[in-house]
Amino acid sequence: MGKDYIIKVDNVHKAFGDKSVLTGANLSVERGESMVVIGGSGTGKSVLIKHMIGLMMPDKGKVVVDGKEVGKLNEEELNSLRRKFGMLFQGAALFDSLTIGENVGFALKEHTNLSKRDREKIVIDKLNMVGLKNVENLKPMELSGGMKKRAGLARAIAMDPEIILYDEPTTGLDPLMCDQINDLIVSMQSKIGATAVTITHDMVSASKIADRVAMLYNGKFISTGKPAEVFNDTNPVVANFCYIGKIVYETEAIYSRPIKG
Amino acid sequence: MRFVHNFGAMIISALHSLGEATVFTLDTLRWIVRPPFRIRAVLEQMQEIGYNSIPIVAITALSTGAVLAIQSYIGFKRFGAESMVGTVVALSMTRELGPVLTGIVVAGRAGSAMAAELGTMKVTEQIDALFTLSANPVKYLIVPRIIAATLMLPILVILADMIGIAGGASIGVGVLDANPVIYMKKTFEFLQLNDIYSGLFKSMVFGLIIAAVSCFQGVNTDGGAEGVGKATTRAVVVSTIMILLTDYVLTSILF
């Protein structure tokens, strides 16, 4: 077991009122891998990643990030832990009172002593990385949904995080835009080498970006492994959910072969 | 039985919210004294809460002062004390109506805006985004609003006092044919500095209440657009009730 796990979710329970959401979730994420958490709506995927970045604390069990137990950190320690993370929210969650440039440069301004010029350079650089040009002075309202997600991603990677959390990155986008976002996630892996944790119920996206997949069902993980393993799981719940993913995954394997060769 | 159960549950839930709001306010006060200080954000909020409220506060004060002059004239004429109209207007405005009406008007105007803005930020995950960028939302969003409201309310009240007295005077002199010199003399003859200070002190507390209640409702919003609407309504209703209760308590204890 010499694997280097950057995130360990250990027997986490979480309930809201009398509604149990997580009921003993276990998940280990290796450093540098792209882990995709799949599951139906309302199965607690968002709750799970909010535990990883300390936006929620478990009722029982623990979350360990880079050797530190999130629930035991004080405010300062939690803040410095969060700087290891970049998070892309489902609706991008850009601050609508600020321009795109100010959004992307937010953490740089708050947490570094870089000059204005250096910050602007990084902001433009990160925006280019996600394929956006000349949008620094626009307000979030002036951008389309796909552009907002890209800008949100640029903000998430502004501080060169070690871990990027993607909350339903393709939800609500057209197929073409989904594809671009998937490509972007894959390229982030190779460009900055960050660990990625994505939650999604988009099986096409999962099959394209995952090194490993974990399926959350009724508050627990019922199948974890390489995409081929999970997609071929004989558990009927997993098999039903992954039906489309399996087709896409196998089709990709067939069709991309000549190009790769 | 069911009624007793529901009533009990309502009381418990109200106490629970009150406890949460108290913890929230104390947490905020702790952040106020911690650097870095965000002067620019405070100034922006002072403009939003204070400067932009001037028209509505002025209209409210003007009409209140004017109506007060007419009403007290009608009453006082019955026992020949018409000369006291100016005194009554001045005392009522500075001690009571200036602070309370300004508080309620600002709760409706700026408190609702605070709750709606923070509520929208909450439901669109912008508050969570602040956390993930290692920026504490209390420090970034709430502290500037609390400081600005607490500082601006007294300034608005000074304005309301002056405009209210002027409104009363213009009716007194212009419509009720009072002698301007005597009216102004009566206005200030019995007015003590303490009357003004007490009103200003109360208004600072009202400013704190408006900002704390509205921000609390805003950051605890859930349930999308509908939730934002509810939070906004609750911000105004709860601020108004708390202003009226606090007004009674402060007035009877302190002054």
With charges set only on the Cβ (+1 for Lys and Arg, -1 for Asp and Glu), what does the dipole of the protein assembly as shown come to about its Cα centre, in debye to the nearest 20? 320
Let me have the relative contact order for chain A, percent, based on Cα pairs under 8 Å that are six or more residues apart. 24
Please list, short to long, the whole-number percent of alpha-carbon pairs of the protein assembly as shown in consecutive 20 angstrom bins beginning at zero. 19, 42, 25, 11, 2, 0
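Can you pull the semi-axes for the range B:147-255, root of five times each eigenvalue of the Cα gyration tensor, sorted largest first, whole Å?
Sorted largest first and rounded, they come to 37, 17, 11 Å.
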Need the full-extension length gain, residue A:222 to residue A:96, defined as separation in residues times 0.36 nm minus the C-alpha distance. One decimal, nm. 41.5 nm
Assuming a viscosity of 1.567 mPa s and a temperature of 4 °C, what translational diffusion coefficient in µm² per second does Stokes-Einstein assign to the range B:94-182, Rh being the Kirkwood radius over Cα pairs? 81
Filtered hits (aspartates and glutamates, Cα-Cα < 16 Å from residue A:3, offset >= 8 within chain) -> A:30, A:33, A:66, A:211
What residues from the range B:2-26 fall in the zone where the backbone N is under 17 Å from a label point 7 Å along the Cα-to-C-beta line of residue B:249? B:14-26
Calculate, for chain A, the solvent-accessible area per residue in square angstrom, rolling a 1.4 angstrom probe over the heavy atoms of the protein chains. 47
Compute the distribution of all C-alpha to C-alpha distances in the range A:137-241, in bins of 10 Å from 0, and list the percent of pairs in each, rounded to whole numbers. 13, 42, 32, 11, 2, 0
For residue B:77, give me every one of the lysines with a C-alpha distance below 17 angstrom, ignoring sequence neighbours fewer than eight places off in its own chain. B:186
If I require 30 Å or longer along the helix axis, counting alpha carbons, and a Kyte-Doolittle average no lower than 1.6, what helices from chain B are left? Use full DSSP H segments. B:143-174
In whole percent, the fraction of accessible protein surface over the range B:53-254 that belongs to carbon or sulfur atoms, probe radius 1.4 Å, stands at 72
Accessible area of residue A:226, 1.4 Å probe, to the nearest 10 Å²? 110
Return, for the Cα atoms of the range A:85-165, the radius of gyration and Dmax in Å, separated by a comma. 11.3, 32
Candidates B:191, B:97, B:156; GNM for chain B (alpha-carbon contacts under 10 Å) flags as most fluctuating B:191
Sticking with the crude label model, points 7 Å out along Cα→Cβ, report the distance from residue B:136 to residue B:176 in nm, one decimal please. 5.3
Which whole-angstrom value gives the distance between the alpha carbon centres of the range B:1-28 and the range B:196-221? 20
Stretched out fully, how many nm does the piece from residue B:11 to residue B:63 gain, at 0.36 nm a residue minus the Cα gap? 14.9 nm
Tell me, what is the per residue accessible area of the range B:197-255 in Å², probe radius 1.4 Å? 46
Non-local residues with an amide H under 5 Å from the amide H of residue A:30, with H modelled 1.01 Å from N and Pro and chain starts lacking one, are A:6
Restricting things to Cα coordinates, could you compute the convex hull volume per residue of chain A in Å³? 151
Listed pairs A:19/A:84; A:191/A:246; A:19/A:50; A:14/A:149; A:126/A:226 exceeding 21 Å between Cα atoms: A:19/A:84; A:191/A:246; A:14/A:149; A:126/A:226
From DSSP H assignment alone, runs of 4+ in chain A each adding -39500 (n - 2.57), the sum over residues rounded to the nearest 500 puts [θ] at 222 nm at -12000 deg cm²/dmol
Using a 1.4 Å probe on protein heavy atoms only, how many Å² of accessible area do B and A hide from each other, summed over both chains and rounded to 100? 1600
Rounded to the nearest 500, what is chain B's calculated 222 nm mean residue ellipticity when only DSSP H runs of at least 4 contribute -39500 (n - 2.57) each, over all residues? -27000 deg cm²/dmol
Percent RCO, i.e. relative contact order, over the range B:53-254, from Cα pairs under 8 Å lying at least 6 residues apart: 38
Mean projected area (nm²) of the alpha-carbon convex hull when chain B is viewed from all directions: 17.4
Which peptide among A:86-99, B:23-36 comes first, and what is the full order, when sorted by highest mean count of other Cβ atoms within 10 Å? A:86-99, B:23-36
Give the residues of the range A:121-155 whose amide nitrogen is closer than 13 Å to a point set 7 Å from the Cα of residue A:83 in the direction of its Cβ. none
Just counting partner chain Cβ atoms within 10 Å, what average do the residues of peptide B:129-142 show around their Cβ? 6
Identify which of A:19, A:68, A:45 has the largest mean-square fluctuation in a Gaussian network model of chain A, with springs joining Cα atoms closer than 10 Å. A:19
For chain B, with a Gaussian network of springs between Cα atoms less than 10 Å apart, report the residue from B:175, B:89, B:228 with the top mean-square fluctuation. B:175
For the range A:1-135, the spread of Cα positions along each principal axis, largest first, Å: 48, 33, 28
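The values are calculated or read from the model by the stated rules, or taken from the named source; none is laboratory data. This structure is a prediction, so every number in the text was calculated from the model and none was measured. Ideal geometry is used to build each Cβ from the backbone, glycine not excepted, and the neighbour counts take in all protein chains shown. Surface areas here come from the heavy atoms of the whole protein model, side chains and all, with no ligands, DNA or RNA. Shrake-Rupley method; radii C 1.70, N 1.55, O 1.52, S 1.80 Å.
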